[in-house]
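Okay, structure first, notes after.
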Amino acid sequence: IVPQGTLIERIRAAGAGIPAFYTPTGVGTSVAEGKEHRDFDGRTHLLEHALTADFALIRAQKADTRGNLQYIGTSRAFNPAMATAARTTIVEVDEIVGLGGIDSERVGTLSTYVDRIVQRETGDYLP
């Protein structure tokens, strides 16, 4: 069991090249079992290691031809972080547009982190 906030921080840390970090989340629970702990300013923290992935299979609304991604809804939550933490990122999108077809203010993941883009076929699906 990993608290959701700790999970996303482990993924973000991997994407930022940070191998581990301390957090007070989980102290005094089963989450703390077997983990290194350390006190900072009188408060106990647990050592959490970054979480990397060989592959990330993520979903975005659209991509441009370079691989810059735009998300909608809840896909903004974990997808951008997973793209940075994975060695290879494959993205399923509804639409592929030309370079400049995504407003720079709406780019949620830069092309640097995208290895492959797959356009979803139209038809019945669950959004």
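Filter region 89-106 for residues that are hydrophobic (A, V, I, L, M, F, W, C) and under 10 Å from Gln70 (Cα atoms) and give the result.
Val93, Ile102
What pairs can you find where one residue is in region 84-106 and touching a residue at least 60 places away in the same chain (Cβ under 8 Å) and within 27 Å of Ala53 (Cα to Cα), the other is part of a strand (DSSP E or B) and among the small types (Gly, Ala, Ser), and their Cβ atoms are less than 9 Å apart, with a gap of 6+ or different chains?
Filtered contacts from region 84-106: Thr84/Ala56; Ala85/Ala53; Ala85/Ala56.
Check off (1) at pLDDT 95 or above; (2) under 20 Å from the mean Cα position of the chain (by Cα) for Ile72 and give me the number that stays unchecked.
(1)
Please tell me if Thr74 is without any contact (Cβ under 8 Å) to a residue 24 or more places away in the chain and assigned to a helix (DSSP H, G or I). Working first, answer last.
Working: without any contact (Cβ under 8 Å) to a residue 24 or more places away in the chain: yes; assigned to a helix (DSSP H, G or I): yes.
So Thr74 fits the description; yes.
Could you tell me which residue of region 1-50 is surrounded by the most Cβ atoms within 10 Å (Cβ to Cβ), considering only residues that are closer than 19 Å to Ala83 by Cβ, among the aliphatic types (A, V, I, L, M) and out of contact with any Pro (no Cβ under 6 Å at 6 or more places or on another chain)?
Ile11
The values are calculated or read from the model by the stated rules, or taken from the named source; none is laboratory data. Note that the coordinates shown come from a computational prediction; the quantities given were computed from them, not determined experimentally. Positions of Cβ are generated from backbone atoms using ideal geometry, with glycine treated the same way; all protein chains shown enter the neighbour counts.
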